[in-house]
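Student: If you scroll down you'll find the structure; I have some questions about it.
The values are calculated or read from the model by the stated rules, or taken from the named source; none is laboratory data. Just so we're clear, the structure is a prediction, and the values are computed from it rather than from any experiment. FYI the Cβ positions are ideal-geometry reconstructions off the backbone, even for glycines, and counts take in every protein chain you see.
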Amino acid sequence: MCYDTAMKHPTKLEKNWAKKMNSSTDTVWQIEHSNSVLVKTHSPDKCGSDQACVLHNMTDHSMRSFPQLWRSDRGIMERICSHGIGHPDPDQVPFWEATRPNDWKWEMVHGCDGCCSTLRKVA
């Protein structure tokens, strides 16, 4: 569940989410470069120390400075480039490979403008 912490006029449902965010049973995580938080995520101890994670163990990939956006309709994390295009976060790939080895590649399909393939990390 995603909740935008910068909303000026939250709905009743969003107010209820905000109350639940403080529950000791819920794990809440801030999305990178965003005002949004995800509620009921897996805890950091569930991530393997050697596996990338879009929340807890991000790599230094070329889109790391782009804001993250949780796509609840697809169940994936995207990075939004300066042109407004959503690119699948590359830190999801190791999880997909481990949990869905035969059908994860279609998750990478998106309306690409080239930002995810042409950016190079500047040292």
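Student: From the residues in segment 106-123 that are part of a loop (DSSP other than H, G, I, E, B) and under 12 Å from Arg64 (Cβ atoms), which one is modelled with the highest pLDDT?
Tutor: Out of the qualifying residues, it is Leu119.
Student: Kindly establish whether Val93 is under 24 Å from Thr27 (Cβ atoms), outside any loop (DSSP other than H, G, I, E, B), modelled with pLDDT under 85 and not small (Gly, Ala, Ser).
Tutor: Taking the combined requirement at face value, the residue does not satisfy it.
Student: Kindly indicate the residue of segment 30-69 that is among the β-branched types (Val, Ile, Thr) and closer than 15 Å to Val93 by Cβ and also surrounded by the most Cβ atoms within 10 Å (Cβ to Cβ) among those meeting that condition.
Tutor: Checked segment 30-69; the qualifying residue surrounded by the most Cβ atoms within 10 Å (Cβ to Cβ) is Val54.
Student: Among the residues of segment 70-88, is there at least one that is assigned to a loop (DSSP other than H, G, I, E, B), of a type in the set (Ser, Thr, Tyr) and surrounded by fewer than 13 Cβ atoms within 10 Å (Cβ to Cβ)?
Tutor: Yes - at least one qualifying residue is present in segment 70-88.
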